[in-house]
Amino acid sequence: MASIGEMREFASFAACEQRYIKRSLDIGLARCDAFRLWGRSEAENTAIRRQYVAYQDLKVLRGTIPTEGTIGEIEHFVGKMIRIAAFDLEQERLESFSAFRFLYERLLGAEARPYLPAIFCAAAALPLIRPAQRKLLLQSISEAAATAPAWSQRAPRFFPEYVEDVEVA
């Protein structure tokens, strides 16, 4: 049942968000050769190469998600995650906190959920994000998400993948 809810949420995202999420999961989880699957032009190959570089710390960060909540743990994890999140938000393919959260729950795991609102807000507020995009992103996070007293520990079950007939069209 939870997988259906996750599928519905994914279906609610714009087509560009869906494509970016699938490509990002392929890169971030090392599911395939993203150049072969997603590179339709030299510009896309350059973007994919930049994303591989931006995501290089993800594997290590999965093991450093704060468990004790100490300031040292938080600083190490959140600081690096803001850099990665800023890269993704700067691409202007993720239009909301929901799409951001959906992607990062899968890239990092359920344990990262409590930190995602702070990471998103910090990255979205950076000057490298265009002012109009910054406004759109920051307005997309609900008060409930920003102030949630607790987050589900249930691991995501639905991991969208490339579907040739849909992606080529």
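Bear in mind that the values in this text are calculations on the coordinates, not laboratory data. Computed from a prediction, not measured in an experiment: that's the story for all the values here. FYI the Cβ positions are ideal-geometry reconstructions off the backbone, even for glycines, and counts take in every protein chain you see.
Assorted remarks:
- Taking the criterion of being hydrophobic (A, V, I, L, M, F, W, C), without any contact (Cβ under 8 Å) to a residue 12 or more places away in the chain and within 20 Å of Ile21 (Cβ to Cβ), the residues of region 41-69 that qualify are Ala43, Val53.
- Among the residues here, Leu138 does not qualify as more than 17 Å from Ala155 (Cα to Cα) and not in a helix (DSSP H, G or I).
- Residue selected from region 71-101 under the condition assigned to a helix (DSSP H, G or I) and acidic (Asp, Glu), by the criterion nearest to Met7 (Cα to Cα): Asp88
- Residues within region 16-31 that are farther than 15 Å from Leu94 by Cβ and without any contact (Cβ under 8 Å) to a residue 60 or more places away in the chain, tallied: 1
- Restricting region 109-135 to residues that are of a type in the set (Lys, Arg) and not in a loop (DSSP other than H, G, I, E, B) leaves a set whose member that is nearest to Arg157 (Cα to Cα) is Arg113.
- Selected residue [surrounded by 16 or more Cβ atoms within 10 Å (Cβ to Cβ), of a type outside the set (D, E, K, R) and assigned to a loop (DSSP other than H, G, I, E, B)] from Ile65, Ile48, Ile27, Ile21: Ile65
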